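Asks: Quick one: this structure, given as structure tokens, is what I'll be asking you about.
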Amino acid sequence: MNKSTLLTKCVFFTYLFLIACSEETVLSEENRDDNQEEIEQPDASNNAAPTFTLKDTNGSDISLSNFGGKVVVLFFLGNGCPTCRAVAPKIQNQIANTLSSNEVAVLGLDQWNGNSAAVTNFKSVTQVTFPLLLNASDVARQYETTYDRLIVIDKNGNIHFKGDNLASQNLPRVVEEINNLLN
């Protein structure tokens with residue numbers, strides 16, 4: 001095979017590769033946009049929040065059903081997670097301290113399944129006053145989420161917002177969504 005034929009074949013296959021990649025990228029971007037909209041704007045009629053009952057750091061049972069008629073913010077955390085420890089006081093200040101406790105509840109769920117002492121240490125270090133619940137890894141799986149994430153449940157028990165990023169990055173949006181649900 002001479003150099004000219006080899007060069008022609010290389011150019012042709014490069015051209016085909018670029019066309020295929022650009023079409024795949026366009027399809028991926030379209031799918032990503034669709035998926036992101038589903039995460040940020042779930043259909044409440046098909047998005048009932050999974051129920052749960054967990055023990056808090058005092059040994060009391062706390063159920064999601066205890067908060068019927070309220071907007072509930074679930075903060076999935078890891079008791080030793082540095083970013084969780086950093087954002088917890090902001091959640092306390094921007095949601096728990098600011099919004100009416102008659103209308104909004106915040107629950108921290110330790111997905112790392114730490115013992116009571118580890119989660120109590122988290123509470124002490126961060127100085128949060130909202131309940132921290134133990135052994136929440138199964139609940140996190142039900143919600144299809146991970147630690148350092150926020151989920152907002154509306155007054156009807158439907159998932160209204162599911163964070164797809166670190167809680168610190170979603171916090172302004174969560175505050176906005178809560179205010180929209182309360183108005």
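The values are calculated or read from the model by the stated rules, or taken from the named source; none is laboratory data. What you are looking at is a predicted structure, and each value in this text was computed from that prediction instead of being measured. Reconstructed Cβ throughout: ideal geometry from the backbone, glycine too, with neighbour counts over all protein chains shown.
Asks: For residue 132, which of the numbered conditions (1) in contact with a Gly (Cβ under 7 Å, 6 or more places away or on another chain); (2) of a type in the set (A, V, I, L, M); (3) over 17 Å from residue 105 (Cα atoms) fails to hold?
Replies: Here residue 132 meets the rest and fails (3).
This table checks each residue for (1) within 20 Å of residue 54 (Cα to Cα); (2) crowded, with 18+ Cβ neighbours inside 10 Å; (3) of a type in the set (D, E, K, R).
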site: 125; (1), (2), (3): no, no, no
site: 137; (1), (2), (3): yes, no, no
site: 141; (1), (2), (3): yes, no, yes
site: 150; (1), (2), (3): yes, yes, no
site: 156; (1), (2), (3): no, no, no
site: 166; (1), (2), (3): no, no, no
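Asks: Which residue pairs have Cβ atoms under 7 Å apart, sit 6 or more places apart or on different chains, and have a first residue in the stretch 102-131 that is within 26 Å of residue 70 (Cα to Cα) and assigned by TED's automatic domain parsing to the domain that holds residue 80 and a second that is aromatic (Phe, Trp, Tyr) and part of a loop (DSSP other than H, G, I, E, B)?
Replies: Taking only residues 6 or more apart or on different chains, the pairs are 106/130; 107/130; 108/130; 111/147.
Asks: Before we move on, is residue 87 within 16 Å of the chain's Cα centre (by Cα) and hydrophobic (A, V, I, L, M, F, W, C)?
Replies: Yes, satisfied.
Asks: Considering 53, 57, which residue is surrounded by 15 or more Cβ atoms within 10 Å (Cβ to Cβ), modelled with pLDDT of 95 or more and touching a strand residue (DSSP E or B) at 6+ places or on another chain (Cβ under 6 Å)?
Replies: Just one listed residue meets the conditions, 57.
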